[in-house]
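For reference, the structure discussed in these notes is given below.
The values are calculated or read from the model by the stated rules, or taken from the named source; none is laboratory data. Computed from a prediction, not measured in an experiment: that's the story for all the values here. Here the Cβ positions follow ideal geometry from the backbone for every residue, glycine too, while neighbour counts run over all protein chains shown.
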Amino acid sequence: MMRSKSIATRSVAMPPADVTALPTRALVWLVGSFGLLLTPQWDRLPLWLIAACIVLAAWRYLAQNGRVRLPGKWQKTGIMLVVIAIYVATVQGRFTVDTAASFFVLAVGLKWLETRTERDFYVLFFILVYLATVNFLFHQEIYWAVINLVAVGLLLVGLQALNAPELPRTMASGWRRLGKMLLKTLPIVILLFVFFPRMAPLWSVPMVSGQARTGISDTMRPGDISNLAQSSERAFRATFGGELPAYRDRYWRGLILDYLDGETWRQGEKEPLGRPGRVAVDGGAGNLEPGDYDVLLEPTDQIWAFALEGSRAVSDNVLRSEDSLFRFRRPADTSVRYRMALTPEEPATDSPRVPDNVRRYLQLPAEGNPRARALAKRLAETATSDGAVVDALLSRFREQAYFYTLRPPAMPDNGIDTLLFDAKRGFCAHYAGAATFVFRAAGIPARVVVGYQGGDPGMDNAYLIIRQYDAHAWVEVWLQGQGWVRVDPTAAIAPSRIESGLRDAVAEEGSFLEDDWASPQRYGDLAMLQWASLQLDRINYHWQRWVVGYQGQSQLDLMSRLPGGMGLRELGYFTAAVVGFALLIAGLVSAWHLRRSGPRDPVARLLGQWHRMCERSGIPVRQGETPSRLAERIAAVRPGAENTAHSFARLVNKHYYGSGSDVAPRVVRNAMRRLLTTMGKQLSPPGRRSGPPRETAVRVKG
């Protein structure tokens, strides 16, 4: 029997005493918060790193329950070296803000293996709060903000469970206390958010991480844009001061590709990146006038801005470059808002100047695609002008059996010949590249323009949502007397793509977002799903525009609308007044509570009166002193109050530690009040007594 008992005892893996020093409920809240804070990282961290963090946190939780043991010193060192080696091999020498943040997450995961004491809890608590702020570097949408806020709430509830593990219903009471604190501080937070001066930082760190983002790039191969057509991610949103432009006029120019390298179109002259730093993100201010429009661009890590043809820059965070393109001073590594204005077309008085280095727009490889070259030669010989060559090629696209498809066939060497004469099936990039090749072979300066075409209205037609599947490529040719003219082969082959969008253009083929089954835009026939998607997008749009994007220029614009107007100096004075007033009110309220609010227990209030009475009588109450011990000291100093003090002490002990009584609590409290009155007279200095001291003993039955 004894042998069986000893075997059973050895089979239970009891945790070390320092592991169980933390209350289990506090640890559970901490682990839950860590899991939530990992959620915004899923698309950025490698899968092995997320799995390692989950395993390490689970290891600590199982150790709390005695199922496993935490590793020793040398085991922890070995684990740390292994995961860091894997991380270094994964990073491959890159060091960016992104890799630094990833290493921080790894360090948080390793911290779980040495979280044993309350001190470790506090260290991990503040580390996780910092991790919540790191998440905002990469995700600023409102739903991620809510997740981070809930995670911090879990941390605060865990902090309460650590400091008061004996409280019943820790979850309900903890969340209730947090809610009250939030309601008390929310008005001050809102005032400080609105009025605290938003000044530009003295220095900044670029967020460019080196990771590929979904979006157009500075090269174009035949299948690149068709790959983008399978993504419903947002590229940008645009809000107009007047009516939305017609769908066919929504050509968002981004960059020009003018050099053909084999089958790849590139920029002939690489645009230089700006100096390190952050791009100004608050380029829009004031009401939108008719013809003005605001663009809220998603992060691209590129310097180009997208604008409609015939636009000019209104905000100063974008610059106009050659060829009527617009650029940021630095790469857009976060959401950027800028303002543009459509300029009315004016009749030309002089013939446009021939572009500098016109040979740049006539460049072609020395060899390749002989049939396309022969076609260009025939068109040039039979046409009377360059414009006639353009019209002839577009007529060929319209009249012959060319198809617009997201499933183009493979096109090996001489792909332009294959497209124009054999396959006759392609996407916008195929046709734009082929048309530019033919025009150049015919002696007409031409270039490929890459950007977006289209955009779907947001909720209530308040703005346009331009997504990655709106990515488009078209051609601009130089015509004598007209300058650069837009020529879009897609409009000749598939007019529905330009008039109503990609969904209609490939409806018969059924290839719209066929690889993106989770996208709401794929299910355009489900009205409720589309409504919910637009509602969520509207909430997130206003969040990004008025909360995340509330920066210096936006703040000054808002302040200028207030009566009298406010500048930076007035904002500073107002903020100081708000902070001072808030501190004053908080101090007064705290003092009032300390003075007025006592314990809710009536007996505790009476006990407090007794303690204050003793202090006034020169009998200081010692910390942790019991009522009986205090009564003994009173009897030693004031013998006349001995019976009264001991009677009061017995009633206090009976209330807190007795097993019950048949006497009503109200009767006990009344007896204690009478004892206090009598004791007040007995403890008064001898010179102030009106008569001989009276010894009073109150007996309460039970």
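Filtered by the rule that a residue be within 14 Å of Pro489 (Cβ to Cβ), hydrophobic (A, V, I, L, M, F, W, C) and under 48 Å from the mean Cα position of the chain (by Cα), segment 391-410 gives Leu394, Phe397, Phe403. For segment 223-243, the condition of being over 29 Å from His139 (Cα atoms), within 31 Å of the chain's Cα centre (by Cα), of a type outside the set (Ser, Thr, Tyr) and not in a strand (DSSP E or B) holds for at least one residue. Within segment 677-692, being at pLDDT 85 or above and either loosely packed, with under 13 Cβ neighbours inside 10 Å or farther than 13 Å from Ser617 by Cα (or both) holds for Thr677, Thr678. Selection of segment 427-467 for residues being among the polar types (S, T, N, Q) and either surrounded by fewer than 22 Cβ atoms within 10 Å (Cβ to Cβ) or under 38 Å from the mean Cα position of the chain (by Cα) (or both) yields Gln453, Asn461. Against the conditions (1) more than 47 Å from the chain's Cα centre (by Cα); (2) without any contact (Cβ under 8 Å) to a residue 24 or more places away in the chain, Pro370 satisfies every one except (2).
Scan segment 519-530 and tell me whether some residue there is buried (at least 20 other Cβ atoms within 10 Å of the Cβ), in a loop (DSSP other than H, G, I, E, B) and either at pLDDT below 90 or among the hydrophobic types (A, V, I, L, M, F, W, C) (or both). Looking through segment 519-530, none of the residues is buried (at least 20 other Cβ atoms within 10 Å of the Cβ), in a loop (DSSP other than H, G, I, E, B) and either at pLDDT below 90 or among the hydrophobic types (A, V, I, L, M, F, W, C) (or both). State all residues of segment 425-439 that are part of a helix (DSSP H, G or I) and over 11 Å from Val389 (Cβ atoms); if no residue qualifies, say none. Listed by number, the residues that qualify are Cys428, Ala429, His430, Tyr431, Ala432, Gly433, Ala434, Thr436, Phe437. Are any of the residues in segment 117-130 at pLDDT 85 or above, basic (Lys, Arg) and over 30 Å from Arg94 (Cβ atoms)? Within segment 117-130, one or more residues are at pLDDT 85 or above, basic (Lys, Arg) and over 30 Å from Arg94 (Cβ atoms). Looking at Leu630, Leu607, just one residue is touching a Cys at 6+ places or on another chain (Cβ under 8 Å), of a type outside the set (Val, Ile, Thr) and part of a helix (DSSP H, G or I), and that residue is Leu630. Selection of helices (runs of 4 or more DSSP H) fully inside segment 447-511 by the criterion of at least 1 residues being in contact (Cβ under 8 Å) with a residue 40 or more places away in the chain and in contact with a Cys (Cβ under 8 Å, 6 or more places away or on another chain) returns 489-493, 495-499. Which of the residues spanning segment 35-82 are of a type in the set (D, E, K, R) and touching a residue at least 60 places away in the same chain (Cβ under 8 Å)? Answer for segment 35-82, where residues must be of a type in the set (D, E, K, R) and touching a residue at least 60 places away in the same chain (Cβ under 8 Å): just Arg44. Taking segment 311-339 as the range and being assigned to a strand (DSSP E or B) and either outside the structural domain of Arg234 (by TED's automatic domain parsing) or not aliphatic (A, V, I, L, M) (or both) as the test, the residues that pass are Ser311, Arg312, Arg320, Phe326, Arg327, Arg337, Tyr338, Arg339. Yes or no: segment 159-182 includes at least one residue that is at pLDDT 85 or above and more than 30 Å from Ala577 (Cβ to Cβ). Yes, there is a match, as at least one residue in segment 159-182 is at pLDDT 85 or above and more than 30 Å from Ala577 (Cβ to Cβ). Considering segment 83-108, the residues that are in contact (Cβ under 8 Å) with a residue 60 or more places away in the chain and not hydroxyl-bearing (Ser, Thr, Tyr) include one that is farthest from Gly35 (Cα to Cα), namely Arg94.
When the residues of segment 642-675 are filtered to those that are assigned to a helix (DSSP H, G or I), surrounded by fewer than 18 Cβ atoms within 10 Å (Cβ to Cβ) and among the hydrophobic types (A, V, I, L, M, F, W, C), the one that is modelled with the lowest pLDDT is Val667.
You will find that of Val295, Val279, the residue that is under 18 Å from Ala332 (Cβ atoms), crowded, with 19+ Cβ neighbours inside 10 Å and at pLDDT below 90 is Val279 and no other.
Scanning segment 357-366 for any residue that is in a loop (DSSP other than H, G, I, E, B), modelled with pLDDT under 95, buried (at least 16 other Cβ atoms within 10 Å of the Cβ) and at positive phi turns up nothing.
Scanning segment 26-65 for residues that are under 26 Å from the mean Cα position of the chain (by Cα) and outside any helix (DSSP H, G or I) gives Trp42, Asp43, Arg44, Leu45, Pro46. When each of Val68, Val82 is tested for being among the β-branched types (Val, Ile, Thr) and part of a helix (DSSP H, G or I), the lone residue that passes is Val82.
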